[in-house]
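All remarks here apply to the structure that follows.
Each value in this text was obtained by applying a stated rule to the coordinates, not by laboratory testing. Everything numeric in this text was worked out from a predicted model, so none of it was measured. Glycine also receives a Cβ, built like all others from the backbone with ideal geometry; neighbour counts cover every protein chain displayed.
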Amino acid sequence: MFEFTKEIQLEKSLRKIYIFSRFFVFIIFLTTGIFVAYKILFPEKSFNFSFQNINSSKNSINEMKMSNGNLYENGKIPEGKNLFFNAAATGIYSTASINFVPSENFNDSIIGEISIKKSYASFFYPDRNDLGFKNGTLLKNNVDLFIVSNDKLRKFSSPDLAYKMGFKKEAFLEVSLEDLKYNATDALIVSETTYPNNSIFRIADIYYQLQDSNLRQFVSENAYLTQYSIEQAIDKDPSFINNFTVSEDMLGFNDGTLIAAGESAYIASDGFINPIDNPATFEGMGYIWSDILQANSEEIGMYQKAKLFTIRGAHPSGTIFKNSETNEYYYIQGKTKRKIKSESILKTYLRNNPVLIENKSLIAENTCKIKKASFLARNYGCETSLDNIKNFKGNSYLFSINFEKPTEIASLDAHFNQNINLTNLKLSLLSLRNNIARNYISK
């Protein structure tokens, strides 16, 4: 230790006090340093939810749901019903524990089991029917030509009719009969002058799509090309526009497109843009920097800004997941997940790199039985290892809690921690190095 008082002579009794005080301060600093290093290198993460105040800003768990998707209120859970919630815990954790506090008027015991899976929150959405071709897509099977209109296949009465209407031969995607089964069929197209819904036109270098007898303009060619190819648009002279009403609502980027303006990055989806809060969220949600498209003020301005997209959020509509083990693809639409079973269908949606997931994340899980915390305590809970799922892709843990009899809960806490060992130390140091490189070292 440094000695700053060599020239100062202290009385013997005061010198003992000084040496002891200096040693005591050193111990405080050392203990504080060790504690801070422990918190950084072996992090913990906690989440909570109050059923007595479900809209509280202090709730770090977004919402509690039943198996049918409805929200639980007042913590009253019927017999045999499952309680679901997601916790976005970035990093790699060794164990997870759950703690329940029963309602004051609930004096019965809590019996049940908890299972935990790991992936992305939206990948846990319920499945819908398989996805069909994108609206506006032009398809060809042998000599038969089709357009996808209002999610349905409409066949042209003959190839000549399609070409007379202005559709280009090279715009039609060759597909199999098997591919066509994913869209229902609709009326035959027989009129050269009556264009089906979702037809696309280029008028004076501006792109439009026919929707409900109105023309909707694409805000830019940049936005148009995230949805369709140049060949799909029918070239028309300016007088053609007089046959329709031009809607004030413009069309923008393909749902799920990553766009940037200045130093801000956004996700475009369902007519909104979600600002991404920081680079850690961007990378933690499986996105790739090279997929970002630069957008101008007009392209950004056509959107309404939605809430900040954080690591606790779920991927919005238009996101495509790729199962890295089976090469299967899934499309997020609203709060549902739709499988893409055809490469031809995939081509009509995929513009960015898909977000990678693993099939085993839907299968592998950890479980534990709910038990009372102690003889005198009122709270219940359980703890389980995360070793077999902690390295899965994704940032969200899905908790499924099955109660064997009617239960009333006042609050719930979920806690993640990391065991102290050499492997976790190396992982933490690697993560720390990556965070420093991301935030402080220019790319």
* Point-charge dipole on Cβ atoms (K/R +1, D/E -1) for the chain, about Cα centre, debye to 20 -> 1660 debye
* Asked: Helix 12-41 versus the longest principal axis of the chain: what is the Cα-based angle in degrees, 0 to 90, to the nearest 10?
  -> 20 degrees
* Structure fact -> Going residue by residue through region 253-262, the Karplus relation 6.51 cos²θ - 1.76 cosθ + 1.60 with θ = phi - 60° gives ³J(HN,Hα) values, rounded to whole Hz and with x marking Gly or Pro, of 6, 4, 4, x, 6, 8, 10, 9, 9, x
* For the chain, with +1 on Lys and Arg beta carbons and -1 on Asp and Glu, the positive-most of LEU161, SER119, LEU251 along the dipole -> SER119
* What percent does the relative contact order of the chain come to when contacts are Cα pairs within less than 8 Å and at least six residues apart? -> 30 percent
* Would you kindly derive the ³J(HN,Hα) couplings of region 340-352 from the backbone phi angles with the Karplus curve 6.51 cos²θ - 1.76 cosθ + 1.60 (θ = phi - 60°), listing them in order in whole Hz, with x for Gly and Pro? => 9, 9, 10, 5, 5, 5, 4, 4, 7, 10, 6, 10, 9
* Just one of (1) 4, 17, 19, 17, 14, 11, 9, 6, 3, 0; (2) 5, 22, 32, 25, 12, 4, 1, 0; (3) 4, 16, 22, 20, 15, 11, 6, 3, 1, 1, 0, 0 is P(r) over Cα pairs in 10 Å bins from 0, in percent calculated from these coordinates, so which is it? -> (3)
* Radius of gyration and Dmax over the Cα atoms of region 138-246, both given in Å -> 13.6, 40
* To do: Relative to the longest principal axis of the C-alpha atoms of the chain, give the angle of the C-alpha long axis of helix 422-440, reported between 0 and 90° and rounded to the nearest 10°.
  => 60 degrees
* Structure fact -> Whole-Hz Karplus couplings 3J(HN,Hα) for region 104-110, θ = phi - 60° and coefficients 6.51, -1.76, 1.60, Gly and Pro as x, run 4, 8, 9, 10, 7, 7, 9
* **region 179-307: antiparallel DSSP beta bridges as a percent of all, rounded to 5** => 65 percent
